[in-house]
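Read through the structure below, which is laid out as structure tokens, and then see the notes.
Read-outs throughout are calculated quantities, based only on the coordinates presented, and are distinct from any laboratory measurement. Just so it is clear, the model here is predicted, and its values are computed rather than measured. Neighbour counts run over all protein chains shown; Cβ positions are idealised from the backbone, glycine included.
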Amino acid sequence: MLQMKLFELFNNEETFEHLKEIFKEDSLICFSENIIGITYDYGLNDYVDLLKKVKNLNLRQVIISSSKFMSLIDSCVKGNLFINKLKFIDPIPAESIEYVDDYIQKINRSTGIEKEKSKINLFKEIDWIILDECIDIQFASLQITDKKGIYTNVQLYNNGVLLIDDISILSEVTNLIKEISL
């Protein structure tokens, strides 16, 4: 499993060179010209240590807003990816959880116009939760099929943490990150 924190680079080449001095090069994953993931674990290079090591560099942490999560969902619908779950930061009414879960199930099992209608209904429900309840999305969990047809779990958190169960789908995740234009 890959665990990484996403950062936005400024002064890309110079900052990237500093990162290569601090971390092993295979710990650095480029998603675009200015978005990079730095892998960590809870052994040698944990999350807090990672943040301490980069705090004086010319970069900033990527934060995933609810609108970016909605872009992610839109990309999943267009790419026919399986959406496992959306989790919100605070508890939401049970009725809203049911609606969100129901719309996700409909998106996952339908095609064409029906899939698009379910996405629109999901977005309306998310808008209501975000705007009326003032509760943001904490993470989205989805599955991407690798070249062998095996489903691999991916989780993206609002604090810019990305979990990928298998490195074999890294290029698909990279494309997804680019699509939601962090």
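Straight-line reach from Lys117: taking Cα to Cα under 17 Å and skipping same-chain neighbours fewer than 8 places apart, the lysines in range are Lys78, Lys106.
Helix 112-132 and the longest principal axis of the Cα set of the chain meet at an angle near 70°. For GluC sites (Glu not before Pro), the sites in the stretch 83-176 that DSSP calls loop and that have at most 14 other Cβ atoms within 10 Å are Glu133. Taking GluC sites (Glu not before Pro) across the stretch 16-47, the ones in a DSSP loop with at most 16 further Cβ atoms lying within 10 angstrom of their Cβ are Glu33.
Rounded to the nearest 10 degrees, the inclination of helix 94-109 to the longest alpha-carbon principal axis of the chain is 80 degrees.
For Ser168, neighbours were defined as the other residues whose beta-carbon sits under 11 Å from its Cβ, and their charges (Lys and Arg +1, Asp and Glu -1) total -2. For the residues Lys115, Lys53, Lys147, a GNM of the chain with alpha-carbon springs under 10 Å puts the largest fluctuation on Lys147.
For the chain, the Kirkwood radius over C-alpha pairs fed into Stokes-Einstein at 25 °C and 0.890 mPa s yields D = 142 µm² per second. Mean projected area of the Cα convex hull of the stretch 66-158, taken over all directions, amounts to 5.7 nm². The alpha-carbon atoms of the stretch 2-61, seen along their principal axes, cover 30, 22, 19 angstrom, with the largest extent given first.
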